[in-house]
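To start, the structure itself, in structure tokens.
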Amino acid sequence: MNPNILPSNNAVLAGIIDPDAYAASTVTSGWVSLVTYEAIQAIVMAGTLGASATLDAKLEQASDSGGTGAKDITGKSITQLTQAGTDSDKQAIINCRSDELDVANGFTHVRLSMTIGTATSDAGGLILGHYARYQPATDLASVDEVVS
């Protein structure tokens with residue numbers, strides 16, 4: 001381990017779904033370029049799920065930061081979290097490498113999509129960028145402070 005490299009340089013905050021109480025709807029992060037990172041890790045965070053609520057999450061891909069041609073990435077969705085299944089206050093992680101995108105058809109960007117079903121529920125999500133192709137990688141502009 002190189003003591004000059006901070007852990008926050010190896011796992012950069014690249015995308016976010018702000019934690020909030022969301023009504024039944026779909027919420028998404030911004031698009032993250034996998035031209036910038038070799039891989040990403042999406043962390044889904046369920047807070048208190050409402051009565052009979054469900055939470056689904058998946059990764060989608062697009063050919064640019066505007067979401068052109070958006071489609072699901074095969075095999076990159078979680079098992080549904082449910083209030084009935086006592087899944088409140090749990091997390092799920094989805095890993096994705098850049099070579100798992102449809103690179104043959106020019107797909108370069110990924111985002112996290114979370115669908116809250118039935119009832120208002122607390123939820124949030126993060127996308128961490130790993131193995132930045134150009135160092136040092138930078139966090140989202142919304143990151144207020146990184147303490148070394």
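Coordinate-derived values only; no laboratory data. Given the structure is predicted, the values throughout are model-derived calculations rather than measurements. In this analysis, Cβ positions are derived from the backbone assuming ideal geometry, glycine residues included, and neighbour counts consider all displayed protein chains.
General observations
- Label corresponding to Cα Rg over 2.2 N^0.38 Å when calculated from the structure given, among (i) 1.08; (ii) 0.96; (iii) 1.36: (i)
- Rounded if a/c under 1.5, otherwise prolate or oblate - the stretch 90-148, Cα gyration tensor axes: oblate
- Extension gain (nm, one decimal) between S65 and M1, 0.36 nm per residue minus Cα-Cα: 19.6 nm
- Here the Karplus relation 6.51 cos²θ - 1.76 cosθ + 1.60, evaluated at θ = phi - 60°, turns the backbone of the stretch 44-59 into coupling constants of 9, 10, 8, x, 6, 7, x, 4, 6, 6, 10, 9, 10, 8, 8, 9 Hz, with x for every Gly and Pro.
- The stretch 19-90: C-alpha gyration tensor shape, a/c 1.5 cut-off, then a/b vs b/c: prolate
- Range in the chain, longest, excluding exposed trypsin sites (Lys or Arg not before Pro) [loop by DSSP; at most 15 other beta-carbon atoms within 10 Å]: 1-89
- Length gained when the stretch I16-D99 is fully extended (0.36 nm per residue, less Cα-Cα span): 27.7 nm
- In the stretch 101-148, the chymotrypsin sites (Phe, Trp or Tyr not before Pro) that fall in loop regions by DSSP, at most 14 other Cβ within 10 Å: Y134
- Value at 222 nm in deg cm²/dmol, rounded to 500, when DSSP H runs of n ≥ 4 in the chain each add -39,500 (n - 2.57): -500 deg cm²/dmol
- Spin-label model, T28 to R133: label points 7 Å out along the Cα-to-beta-carbon direction sit 2.2 nm apart.
- Span from the the stretch 46-62 Cα centroid across to the the stretch 81-124 one, whole angstrom: 7 Å
- In order through the stretch 89-99: 3J(HN,Hα) via Karplus (6.51 cos²θ - 1.76 cosθ + 1.60), integer Hz, x for Gly, Pro: 6, 10, 10, 9, 10, 10, 9, 8, 9, 4, 6
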